[in-house]
Each structure stands twice: as C-alpha cells, then as structure tokens.
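What follows is a single structure, written as structure tokens, with notes after it.
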Amino acid sequence: MRPPLVIGALLALFAVMAGAFGAHGLRAMVSARGLEVFQTAVTYQVYHSIALILVAILTGMGLHRRLLAAASGFFLAGVVLFSGSLYILVLTDIRWVGPVTPIGGVCFMVGWALVLIAGLRRQRDFQR
C-alpha cells in the first residue's frame, strides 16, 4: 500500500514545516495559549503521519489490507479534522471550527482500533 507511505511522509514533512513556523514565525503573532494549541496540532500530525507509514509497513507484513486501508483513511481524516481545525483556530481565530476537533480525535481512535483488530486477526490466523 504505497499511498499511506507517501501521504504519511508528506504529512510529516508538512508537520516539520508547521512546527518550525510555529516556533519562529508565530511567536510574535499569537498568545502563549495559541502557541500551545498550535504545537498540539503539530504533535498529533507527526504521530499520525508516522502511523500512516506504519500502516504501509504492516500491510507489507501480511496484515489485513482492508482494515489497514480503513485505518489509514481514519488517520488522514483525523489529521485534517483534528490538526487542521486547530491550525485554523489559531491562525484565523474562527471559533466555529472548535467542535470539529473532537471528531478528528475520534477518527484517530477508530484508526488505532482498526490497527489493533488487524493485529489480532493476524495473530488468530497464525494460531490455526
């Protein structure tokens, strides 16, 4: 599964760029709380970029492709909804995006649950 690898690497690159922007460019523009929220967005983007790369590796190890493909979709949706809404909130002060953030968090949880199920199915398959 090449798309999760490519998307994960691209999102990781953007997360590093966003982190550098947050550390150097935003300091004079937003409050300390805004910087903290921005850093949270960057952190979760990095984690889930790595998760996408992990999904690509696990697929190559023979784990359930459909479950891992679904997990990668949820991880991507989580980055867009969770991190994206926090970026928008900090950079534009548009408050209506705040309720979108927890939906992204749920997407992350569903993605990890799918990876867990894929791993359990693989273990069960080996026991037979």
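The values are calculated or read from the model by the stated rules, or taken from the named source; none is laboratory data. Computed from a predicted structure; not experimentally measured. All Cβ positions, glycine included, derive from the backbone under ideal geometry; neighbour counts span all protein chains shown. The protein model used for the area step is the full one, side chains on, heavy atoms only, and it has no ligands, DNA or RNA in it. Shrake-Rupley method; radii C 1.70, N 1.55, O 1.52, S 1.80 Å.
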Residue pairs qualifying under the 9 Å Cβ cut-off, at least six apart or on distinct chains, with the first in the range 65-78 being at pLDDT 95 or above and the second being acidic (Asp, Glu), are none
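Go through the range 28-46 and count every residue that is surrounded by 14 or more Cβ atoms within 10 Å (Cβ to Cβ) and hydroxyl-bearing (Ser, Thr, Tyr).
Total meeting the criteria: 2.
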Of (1) open to solvent by 30 Å² or more (accessible area, probe 1.4 Å); (2) over 14 Å from Val110 (Cβ atoms); (3) not hydrophobic (A, V, I, L, M, F, W, C), Gly84 satisfies every one except (1)
Within the range 50-68, residues surrounded by fewer than 16 Cβ atoms within 10 Å (Cβ to Cβ) and either of a type in the set (Asp, Glu) or part of a helix (DSSP H, G or I) (or both) come out as Ile57, Gly60, Arg65, Arg66
A careful count of residues in the range 1-27 that are free of Cβ contacts under 8 Å to residues at least 40 places away in the same chain and open to solvent by 60 Å² or more (accessible area, probe 1.4 Å) gives 9
